Amino acid sequence: MSGYTMRDPTAETAAVRRNRIPPKAVLANATIGLLSISKERSEEFLDTVEAQLTKRGLKILRYAKPTHTKPAPESVIQDIVEHCDVIVEGLAD
Amino acid sequence: MEFLAVLKRDCETCQLVEPVLAELRDEFPLTLYSQDDPTFPKGLGGALDDTSLEKSWRLGVDTVPTLVRIENGQEISRTQGWDCAEWVRVTGIKTLGEGLPAFQPGCGSISVEPGMPERLALKFGALTLESRVIEVDEMDDPAEIAYDQGWTDGLPIIPPTDLRIARMLTGTTRDPGEILGAIPPNLIDCTIEKAAVNAVMAGCRPEYFPVVLATVEAALKPEFSMHGLLATLWFSGPVVIVNGPITKRIGMNWGGNVLGQGNRANATIGRALQLIIRNVGGGRPREIDRSVFGNPGKYTFCFPEDETDADWTPLNVARGHAPGTSTVTLFHGDGVQGLADQKSRDAESLARSLAMGLCAVCHPKLAQWSNAILVLSPDHYNIFKNHGWGRAKIEAALWEALKRPGRDLITDAQGIGVGIDPSRANEMVDKFHPGGLLVVRAGGPGGLFSAVIGGWTAHRKHEEVQIVSKEIGT
C-alpha cells in the first residue's frame with residue numbers, strides 16, 4: 001500500500017437486482033393497465049390498443065403521467081401495482 | 001496566572017523577544033512551544049516540541065510569537081508579534097522589554113501556511129469525511145482507477161484526495177453534512193461533501209464551489225425538470241449562465257472564445273454539475289440518458305455574461321434579481337449555431353436578421369416548441385447601442401420580428417410535413433413562449449456575428465419545464 005487514498009464520489013448505494021415478474025402465460029381475466037406518458041399522440045396510440053384488447057374481453061384501466069417531462073408520481077405507480085396484472089406504457093411522437 | 005508562548009526559530013521577532021521571555025519567566029510560570037526547532041530558544045533551555053503544529057492549530061495561532069495569558073486554565077488575553085505596550089498590558093510587567101524597539105511585526109505561523117489549516121483540520125479531527133475511502137496501490141494510477149470505477153465523463157479527473165476535498169470545503173460556509181437535495185435519476189441525497197468530491201474531480205478551485213452549489217440547487221428545482229432533461233432523446237443538457245460580481249472574482253471568461261475552451265472556472269463549474277448527476281444521481285449516457293446525439297456541451301457548458309457595459313441590463317436583473325447579485329441561470333440547451341450578419345448597420349435590420357436566424361431553432365416550421373439563448377457579440381451589440389437600444393428594446397424588436405404567419409408553418413405547408421397545428425393557419429404565431437428567449441451579452445470583439453443556443457423540445461410544455469435562476473450563496 002502506498003497510503004494514497006481517494007474518496008468515493010458516488011452515492012455508495014448498491015443497486016438491488018430484481019428479476020422481472022414472468023409474463024403471464026394466459027391473459028384471460030387479467031387486468032391490463034395502459035399508461036400514457038402524456039406525449040403528443042400517446043392517447044391516440046393507447047386508444048387503439050384499448051380497442052384491440054377490449055375486443056378480446058380483457059379488463060382495461062387507463063392511467064396517465066401528468067407530464068412526459070417528469071417521472072410518474074408515486075400515487076400513479078401505486079395505483080397500477082395494486083390494480084393491474086400487466087402494464088403497457090405508451091410512448092408517442 | 002501563567003503564560004504560554006508559541007515561537008519559531010526561523011523568526012527574527014521570536015529571537016528578539018528571547019530576553020523578554022526570560023524576564024517573564026522570572027516572574028510567572030511560562031510554557032514555550034516551538035514550531036520548527038525544540039532546542040530554540042537556547043538561552044531558555046529550549047521549548048516543547050510543536051513541530052506537529054497541534055498546539056498552534058488548537059490555539060488558532062496565525063502569527064509568531066504569540067503570547068497567551070492564562071488564569072484558572074482559561075485564556076484571558078493574548079498578543080502577537082512584538083509590541084512592547086501590548087506585552088506590558090498582557091503581562092502587567094511595566095519594565096518588560098526595556099532597551100528593545102517599541103515594535104516589530106511577527107512572522108506567519110507555520111500552521112497557517114497555504115494548505116496547512118486543511119491538513120491540520122483533517123489530522124486533528126476537526127473535519128471528518130464520510131465518503132468511502134478508496135485505497136490506491138502504489139502500482140496503480142488514481143486517474144485510471146477513476147476510469148475503471150466509471151466516475152469520469154471520458155476526460156481524466158483530478159483524484160479526490162482528503163486534502164483536496166478539505167480545501168474545496170473551505171470554499172463554502174456550509175456544513176459538509178448538509179443535504180443539497182435529491183439528485184436524479186436515482187434521487188439520492190447529495191451532501192455538500194459529495195458535491196465537493198465531484199467538484200475536486202471536475203477541477204474546480206475552492207472559490208468556485210459556491211457557484212457549483214447554487215448550480216446544483218437550481219438544477220434540482222422541480223420546474224427545471226432535471227430528470228427529464230437527462231432522460232431526453234433530444235440534444236440538450238444543462239447550460240449555466242453566471243451573473244454578478246463573482247464572475248470577476250473567480251476569473252471567469254465572458255470575452256473571446258467565451259463558449260469554448262481555455263478558462264478553468266467556465267470549464268469546471270459546468271463539469272462539476274455533470275459529474276454530480278453522473279456519480280451521485282447515477283445518470284449516465286446510454287442508460288437513463290437516452291440522448292440520440294448529445295452535444296459537446298454535455299461535458300460542460302457554463303459561461304458568464306459580459307456586464308462591463310453600464311448601459312446593459314444583466315440577464316439576472318432582467319429576471320428579477322437585485323443589481324449586483326451573483327446568480328446562476330440554468331437553461332436546457334443544445335450546441336452553438338453561429339449567425340453572421342456583417343451588413344446590417346441599423347438596429348431594426350439587425351433585429352430582423354437575428355430573428356430570422358432564431359426561427360431555425362428546433363425547426364423553422366415549429367413554433368413555441370423550444371426556447372433559445374441569443375448570445376449577442378460586442379460588435380452586434382454596438383450597433384444596437386449606437387442607436388440607443390438597450391435590452392428591453394432589443395428583446396421587443398426580436399419578439400415582433402419572430403412572429404410569422406401561421407399559414408406558412410402549418411403541417412404540410414411549403415410541401416413539408418412537419419409544422420404547427422392547421423387550426424392556427426390564420427394566426428400570427430410567436431416563435432417562443434413568453435420568457436423563452438434569453439438575450440445574453442458575451443464574446444470577443446472583431447466579428448459581426450452572434451450565437452444561438454437552441455433549447456430542449458420539452459419547452460413546448462412551458463408550464464412544466466422552465467428556465468431557473470438561483471442566487472449564489474457562501
field: Within the protein assembly as shown, helix-based [θ] at 222 nm, where runs of 4 or more DSSP H residues each add -39,500 (n - 2.57), nearest 500
entry: -8000 deg cm²/dmol
field: Disulfide-incompatible cysteines by the Cβ rule (no partner under 4.7 Å) in the protein assembly as shown
entry: A:84, B:84, B:190, B:204, B:302, B:359, B:362
message: Going by amide H atoms built from the backbone, whose H comes under 5 Å of the H on residue B:439, apart from near neighbours?
response: B:374
Size descriptor, Kirkwood hydrodynamic radius, that averages inverse alpha-carbon separations across segment B:150-471, Å: 20.2 Å
Radius 11 Å from Cβ of residue B:190, net charge of other residues (Lys, Arg +1; Asp, Glu -1): -3
task: Find how many whole Å separate the alpha carbon centroid of segment B:240-299 from the alpha carbon centroid of segment B:381-405.
output: 29 Å
- line: Among B:365/B:461; B:385/B:461; A:59/B:461; B:248/B:470, the pairs whose Cα-Cα distance exceeds 27 Å are B:385/B:461; A:59/B:461
- line: In segment B:430-474, the GluC sites (Glu not before Pro) that sit in a DSSP loop and have at most 13 other Cβ atoms within 10 Å of their own Cβ are B:463
- prompt: Each residue of segment B:122-130 in turn: what ³J(HN,Hα) in whole Hz from Karplus with 6.51, -1.76, 1.60 and θ = phi - 60°, glycine and Pro shown as x?
  reply: 5, 5, 9, x, 6, 10, 10, 8, 9
- prompt: What trypsin sites (Lys or Arg not before Pro) in segment B:339-420 are in a loop by DSSP, with at most 12 other Cβ atoms within 10 Å of the Cβ?
  reply: B:343, B:345
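Can you check what the net charge comes to around residue B:241, using other residues whose Cβ is under 13 Å from the Cβ of residue B:241 (Lys, Arg +1; Asp, Glu -1)?
Charge balance near residue B:241 sits at 0.
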query: Roughly how crowded by other chains is peptide B:177-187, in terms of the mean Cβ count from those chains within 10 Å of each of its Cβ atoms?
result: 1
C-alpha center-to-center spacing [segment A:1-68, segment B:8-31] in angstrom: 77 Å
field: Using distinct alpha-carbon pairs, which all enter the 1/r mean, Kirkwood radius of segment B:248-381 in Å
entry: 17.3 Å
message: From the phi angles alone, apply the Karplus equation (6.51, -1.76, 1.60; θ = phi - 60°) to segment B:378-395 and give each ³J(HN,Hα) in whole Hz, x where the residue is Gly or Pro.
response: x, 5, 5, 4, 4, 5, 4, 4, 5, 9, x, 8, x, 3, 4, 6, 5, 4
- request: Give the shape of segment B:2-113 as rounded, prolate or oblate, defined through the alpha-carbon gyration tensor: a ≥ b ≥ c are the square roots of its eigenvalues, a/c under 1.5 means rounded, and otherwise the shape is prolate if a/b is larger than b/c and oblate if not.
  value: rounded
- request: Place the peptides A:50-59, B:313-322 in order of packing, highest mean first, counting for every residue the other Cβ atoms within 10 Å and averaging per peptide.
  value: B:313-322, A:50-59
query: So how much slack lies between residue B:360 and residue B:140, counting 0.36 nm per residue of separation and subtracting their Cα-Cα distance, in nm?
result: 74.2 nm
- line: Fewest-first ordering of B:226, B:252, B:428, B:139 by Cβ atoms within 10 Å yields B:139, B:428, B:252, B:226
task: DSSP loop (so not H, G, I, E, B), at most 13 other Cβ within 10 Å: list which chymotrypsin sites (Phe, Trp or Tyr not before Pro) in segment B:177-272 pass both filters.
output: none
query: Under the definition of partner shielding as Cβ atoms of other protein chains within 10 Å of a residue Cβ, what is the mean value for peptide A:65-72?
result: 6
- request: Provide a whole-number value for the mean count of partner chain Cβ atoms within 10 Å of the Cβ atoms in peptide B:131-142.
  value: 4
message: Please list 3J(HN,Hα) in residue order for segment B:23-34, calculated via the Karplus relation 6.51 cos²θ - 1.76 cosθ + 1.60 where θ = phi - 60°; whole Hz, with x for glycine and proline.
response: 4, 5, 5, 5, 9, 9, x, 9, 10, 10, 10, 10
field: Amide H within-cut-off set for residue B:183, under 5 Å, with H built and near neighbours excluded
entry: B:188, B:189, B:190
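Per residue and in cubic angstrom, what volume does the convex hull of the Cα atoms of chain A have?
Details: hull volume 14.9 nm³, N = 93.
Hull volume over Cα atoms, normalised by residue count, gives 161 Å³.
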query: About its Cα centre, what dipole magnitude does the protein assembly as shown give when the only charges are +1 on Lys and Arg Cβ and -1 on Asp and Glu Cβ, stated in debye to the nearest 20?
result: 2140 debye
- prompt: On full extension of the chain, what length is gained from residue B:249 through residue B:112, given 0.36 nm per residue of separation minus the C-alpha to C-alpha distance?
  reply: 47.0 nm
- prompt: For residue A:64, which sequence-distant residues (separation of 5 or more, or a different chain) have an amide H within less than 5 Å of its own amide H, given hydrogens modelled in the peptide plane?
  reply: A:36
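Where a number appears in this text, it was derived from the coordinates with a stated rule and is not lab data. As the structure is a computational prediction, the values presented were derived from the model and not from experiment. Note: ideal-geometry Cβ built from the backbone for every residue, glycine included; neighbour counts use all protein chains shown.
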